[in-house]
Each structure stands twice: as structure tokens, then as C-alpha cells.
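The values are calculated or read from the model by the stated rules, or taken from the named source; none is laboratory data. Since the structure is predicted, the reported quantities are computational estimates derived from the model, not experimental observations. Cβ: placed from backbone, ideal geometry, glycine included. Neighbour counts: every protein chain shown.
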């Protein structure tokens, strides 16, 4: 294999592993959460995430008031998302949680349009309807002629809302802050808050109850699904275009379903297969429309700047 091909292949492989690692998060979190309280689990995950982040400390720039202010905002949104997603996994399957969590793909442009008056693409109406059809099939309960959409799904939907806002805020403020500085600050703030909440609500919990396998899972959640996945995505996106990256990452719910079956023995029904496929198609169409819109906006902005300069 030539050096050029290898150089192009490695970033692609890195991006491919991002949804795989994210997909394992749901099944492993669901397993660990059976024995470890939510806030202690999040706190320990962040401890290992910090350890995994140590090799990248050189990329962190100096902290200032604006960095801390923005990090507090982003950490708050991210923390709520992590807590509700973890809580939701107590009541629903990893696969369903993955598909509902993936709704951030369609929620992000909708919230951006509502709160920041960005242009709404009318073509998005089709994938939105497609996703709704997929959700209906996935959660349709034949015995009651209703939807089996319970509290676990509600929690995970709130998590998807938080992820969407997190993405919007990062896009809005990324130019003002170093991404590595932001990540480190977020991990640290979430760790502190989680420890405070754990000591307030789960102080009687003993770490001796954690088995060796659960410790391995916590290390994996911290280093692999948090730090390594973030680094792989950032590095891969330097060489792979946004559209390809987004489409690859949108496959996360498929891996969440697979690992839910593999680790938690969750059933994969025809409703999950058909509904999930329709939802995934909706995600991909949304990403393509959104990326085309962003490209057109960039071209228009460049043209406008050229006209002004002339």
C-alpha cells in the first residue's frame, strides 16, 4: 500500500471507529448502572477520561474568564444530557436509547432555526416525517394499539435535546476557545459536580461493591468512549469531509442495538429493524441536506466578500 493511500485510509478508519465506540456506551453504561449509582459512575468515568487526556495536555491553551464561562455553559448542558441518558437506560433498551439519542441529528437544525434564526430547509420536512414514521413503527404496541414510549424513552429524548444544544453552542463559540481546553475544562467541571452530587445523594455507597469487570468497564467508558473517541473524531475530521463524517457517525444507533444484543441479551425485533432502518435513512437525508445548505452558505459568503473587496 502506498503512503498516500495509507494516509487517506487511516483517518477514514478513525472516523469509522467513532460510532462503534459510541455505540458500546449504551450497553456498557446500562450494565454498570445496575450496580453503581449514576453520579458515582459519571464521576469515575470522568476520572478515567482525565487520565486518558494526559498525553494531550500540551495542546491545552491558557485558561481565561471567557473559557471558564463558556465551559460552564457547555458542561451544564452536557452533564444534564449524560445524567438523563444514563437514567433512561434503566428503563429502556440500549438499542432504543441509541436511536432516540440519535435524534440530535434532526433536532440540531430545528433548534438552530428556532433560537438563532438560521435558514430552515423546507426539504427537511421529508426526513422529519420519515423519522417520525420510523419511531412509530419502532414503538408501536400491538396489544394496546398505542405506543410503548415510556419514561426511559422520555429521558433519552431529553438527552438528545441536550446533545443538539451542545453542538449548537460549540459551533457558535468554537472560534473563541481551544477545543482541547474546552474538553479538559468540561471533563473537570462535570467531575466536580458529579462528586458533589454523589456525596449528597449516594454517600453511603462503597467502592468495594464494584467488581473487577465493572472497573474495566468504567475505565473503558472513561478512556475509550470519552477521550479516545473524541481524539479520533477531531483527528479524522482534519482529513475527511464533514458530510462523510456525519453520515458515518449517524450509524451509532445500529452499533448501540448490536451491542445491546451482544452484551445485554436484548431482543432485536422486526419493529426495531424496520423502524430503525427508516430512522437511519432519515438521519442520512438530514445530514446531506444540511451539509449542502452549509456549503451553499459558504459559497454565498465568499462571493459576497469578493464583491465587497472589488
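Listed conditions (1) modelled with pLDDT under 85; (2) more than 17 Å from residue 194 (Cα to Cα) are all met by residue 97, apart from (1). Of 53, 63, all but one fail to be more than 26 Å from residue 200 (Cα to Cα) and buried (at least 21 other Cβ atoms within 10 Å of the Cβ); the exception is 53.
Restricting attention to region 144-164, does a residue exist that is loosely packed, with under 15 Cβ neighbours inside 10 Å, farther than 22 Å from residue 287 by Cβ and either modelled with pLDDT of 90 or more or in contact with a strand residue (DSSP E or B) (Cβ under 9 Å, 6 or more places away or on another chain) (or both)? Yes.
What about residue 126, is it touching a helix residue (DSSP H, G or I) at 6+ places or on another chain (Cβ under 9 Å) and free of Cβ contacts under 8 Å to residues at least 60 places away in the same chain? The answer is no for residue 126. Screening 284, 240, 231 for residues that are touching a helix residue (DSSP H, G or I) at 6+ places or on another chain (Cβ under 6 Å), more than 18 Å from residue 86 (Cβ to Cβ), surrounded by 13 or more Cβ atoms within 10 Å (Cβ to Cβ) and modelled with pLDDT of 85 or more leaves exactly one candidate, 284. Put simply, of 26, 91 the only residue that is farther than 18 Å from residue 191 by Cα and crowded, with 17+ Cβ neighbours inside 10 Å is 26. One residue stands out in region 194-206 among those that are part of a helix (DSSP H, G or I) and touching a residue at least 24 places away in the same chain (Cβ under 8 Å): the one that is surrounded by the most Cβ atoms within 10 Å (Cβ to Cβ), namely 194. Restricting attention to region 257-269 and to residues that are modelled with pLDDT of 90 or more and within 26 Å of residue 127 (Cβ to Cβ), the residue that is surrounded by the fewest Cβ atoms within 10 Å (Cβ to Cβ) turns out to be 258. Annotation note: of 130, 191, 184, 135, the sole residue that is part of a helix (DSSP H, G or I), in contact with a strand residue (DSSP E or B) (Cβ under 9 Å, 6 or more places away or on another chain) and crowded, with 17+ Cβ neighbours inside 10 Å is 135. Of the residues in region 233-245, none is in contact (Cβ under 8 Å) with a residue 60 or more places away in the chain, under 30 Å from residue 123 (Cα atoms) and in contact with a strand residue (DSSP E or B) (Cβ under 9 Å, 6 or more places away or on another chain). I'd like to know if region 94-116 contains one or more residues that are at negative phi, within 17 Å of the chain's Cα centre (by Cα) and not in a helix (DSSP H, G or I). Yes, that holds for at least one residue.
Listed conditions (1) at pLDDT 90 or above; (2) farther than 23 Å from residue 98 by Cβ are all met by residue 35, apart from (2).
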